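Each remark here refers to the structure printed beneath this line.
The values are calculated or read from the model by the stated rules, or taken from the named source; none is laboratory data. Fair warning: this is a prediction, and the values are worked out from it, not measured in the lab. Counting neighbours? That spans all protein chains shown, and the Cβs are built from the backbone with ideal geometry, glycine included.
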Amino acid sequence: MSVSSMQGSGRRYIVAAIIVAALQTAVLGYVIESRASILRSGADALLKTAPVDPRDFLRGDYVVLNYEISSVPVASIMGGVPQDQGKKSLWVRLKAGDGGFWDIVESSFERLPEQPGTVVLHSRPFYSYGANSADHIRVEYGIERYYVPEGQGTALEKARQDGDVSVAIRVATDGTPQIRSLLVDGKAAYDEPLY
């Protein structure tokens with residue numbers, strides 16, 4: 001093999017490595033900017049957390065959060081539950097209720113239109129049992145984990161057991177929520193930076 005062909009082959013590897021690195025950087029930048037965009041310009045809502053089994057509360061450096069709005073009453077679903085089983089997602093409309101916490105007003109398996117004074121969350125896909133659904137459907141919104149600084153979860157565990165933890169979120173127009181702040185006794189314990 002000649003020196004010139006080895007140099008040409010080496011250049012191709014370098015060019016390929018640069019392209020791969022640029023693509024990885026672009027994808028990472030997109031993910032970070034998507035999250036920051038919601039935090040910068042999304043609609044605000046305050047959610048009350050519900051108790052979680054303490055064995056699942058802390059795993060390493062994140063807190064598992066459960067919300068009252070994660071249990072969607074079937075009675076709130078406009079048009080009812082589709083008869084067919086399979087992967088589905090719900091659109092859930094929230095409105096400020098007692099104590100400033102936001103509660104479910106209505107939900108639907110179809111996208112809900114915007115209304116003043118409300119926000120609409122889009123759940124993550126879940127398996128729907130169709131006509132065999134129970135009285136409530138359990139959903140997740142992608143805000144069930146909150147990462148805390150190392151070693152600072154003990155105070156949150158105690159506050160959670162006392163029922164004093166709430167979460168302020170921002171919601172994008174497509175229904176994607178982001179945690180803006182974790183509150184203990186109504187005061188911000190952790191604020192999420194944009195970047």
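Could you list, in sequence order, all residues of the stretch 170-195 that are among the small types (Gly, Ala, Ser) and modelled with pLDDT of 90 or more? I'd like the intermediate steps shown before the answer.
So the first thing to find is which residues in the stretch 170-195 are among the small types (Gly, Ala, Ser), and the list is 172, 175, 181, 186, 188-189.
Passing the criteria: Ala172, Gly175, Ser181.
Considering each residue of the stretch 78-105, count those that are closer than 14 Å to Ser123 by Cβ and under 21 Å from the mean Cα position of the chain (by Cα), and give that number. Even if it seems obvious, please write down each step before you answer.
Residues of the stretch 78-105 closer than 14 Å to Ser123 by Cβ: 81, 87-94, 104.
Next cut, under 21 Å from the mean Cα position of the chain (by Cα) only: 87-94, 104.
Going through the stretch 78-105 one residue at a time, the tally reaches 9.
Evaluate the stretch 83-90: report whether one residue or more is without any contact (Cβ under 8 Å) to a residue 12 or more places away in the chain and either under 20 Å from Ser41 (Cα atoms) or loosely packed, with under 12 Cβ neighbours inside 10 Å (or both).
So the first thing to find is which residues in the stretch 83-90 are without any contact (Cβ under 8 Å) to a residue 12 or more places away in the chain, and the list is none.
The answer is no; no qualifying residue exists.
So that you can scan it fast, the table gives a plain yes or no per residue for (1) modelled with pLDDT under 90; (2) touching a Gly at 6+ places or on another chain (Cβ under 9 Å); (3) under 22 Å from Asp174 (Cα atoms); (4) not in a loop (DSSP other than H, G, I, E, B):
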position: Asp56; (1), (2), (3), (4): yes, no, no, yes
position: Val72; (1), (2), (3), (4): no, no, yes, yes
position: Ala75; (1), (2), (3), (4): no, no, no, yes
position: Lys87; (1), (2), (3), (4): no, no, yes, yes
position: Val119; (1), (2), (3), (4): no, yes, yes, yes
position: Tyr141; (1), (2), (3), (4): no, yes, yes, no
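Inspect all residues belonging to the stretch 155-169 and state whether any of them is within 22 Å of Tyr190 (Cα to Cα), outside any loop (DSSP other than H, G, I, E, B), at pLDDT 85 or above and out of contact with any Ser or Thr (no Cβ under 7 Å at 6 or more places or on another chain).
At the first step, the residues of the stretch 155-169 found to be within 22 Å of Tyr190 (Cα to Cα) are 155-169.
In the following step, the residues that additionally are outside any loop (DSSP other than H, G, I, E, B) were identified as 155-161, 165-169.
Restricting the remaining residues to those that are at pLDDT 85 or above gives 166-169.
Going one step further and asking which of them are out of contact with any Ser or Thr (no Cβ under 7 Å at 6 or more places or on another chain), we end up with 169.
The answer is yes; a qualifying residue exists.
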